[in-house]
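Structure, as structure tokens:
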Amino acid sequence: LFGELSAGNDDIAHKSTFRKGRALQLSVKTDSALTAYHHVVTIRPNGDFSDNALYESGTIYFEKKEYDKALASFQQIASKFQQSDVIADAHRMIGETFLAQKKFDSALSAFRAAGKVETGNPEVKNDAQFQEAWALYKMKKFSDAAKLFESYARRNTKQPQNAEANFW
């Protein structure tokens, strides 16, 4: 069904191609999903689903440990889609990608950017604060990391990472 609906260049094709990509991604057909997401961004670079297609592409690349490609996808969201529903997620994933590359200064900046997004999902912002503290720890800024871990633990008593934050 999505294949038929995604055949054109109109709004329905744009939405259908994104949905096709999600179905493929959930079926663990990641290369085909990447092709669908690339098509979403190509047919409508500023379309309603282009930011989400970039985000899903980035997560696939991240999971494949293709960090440069993941970073490019997430950074496109950060630069072109500041009002996106996934902007905080994109900044957080930029941080995660930099952490994976051991670029702790850049990771710290990205996690801070995620925390400043006013429309972001509170859980994403909380996770970004935890990861910000972790980046500080990795940078050997132990005092700053401890303060942030403590702040996180006080505000997020029911989060799974609370025990770890209290430990640090």
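The values are calculated or read from the model by the stated rules, or taken from the named source; none is laboratory data. Computed from a prediction, not measured in an experiment: that's the story for all the values here. Note that each Cβ is placed from the backbone with ideal geometry, even for glycine, and that neighbours are counted across all protein chains shown. Calculation scope for accessible area: heavy atoms of the full protein, side chains included, ligands and nucleic acids excluded. Shrake-Rupley method; radii C 1.70, N 1.55, O 1.52, S 1.80 Å.
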Keeping all protein chains in place, calculate the accessible area per residue for the range 1-83 (probe 1.4 angstrom), answer in Å². 55 Å²
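Counting only protein heavy atoms and using a 1.4 Å probe, what share of the accessible area of the range 1-110 belongs to carbon plus sulfur, as a whole percent?
Numbers: 2820 of 5590 Å².
Looking at the range 1-110 in its full context, I get 50 percent from C and S.
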Of PHE49, ALA88, GLY21, farthest towards positive along the dipole that unit charges on Lys, Arg, Asp, Glu beta carbons give the chain: ALA88
Can you give the charge dipole size of the range 1-117 about its Cα centre, rounded to the nearest 20 debye, using +1 on the beta carbon of Lys and Arg and -1 on the beta carbon of Asp and Glu? 280 debye
Hey, got a sec? Which trypsin sites (Lys or Arg not before Pro) in the range 59-110 land in a DSSP loop and have at most 16 other Cβ atoms within 10 Å? LYS64, LYS65, LYS102
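As a test of the formula, what do you get for the chain when each DSSP H run with n ≥ 4 contributes -39,500 (n - 2.57) and the sum is divided by the residue count, at 222 nm and rounded to the nearest 500 deg cm²/dmol?
Working: 10 runs with 126 residues, N = 168.
Rounded to the nearest 500, it is -23500 deg cm²/dmol.
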Work out the length of the dipole vector of the range 45-168 about its Cα centre, built from +1 on the beta-carbon of each Lys and Arg and -1 on the beta-carbon of each Asp and Glu, and round it to the nearest 20 debye. 540 debye
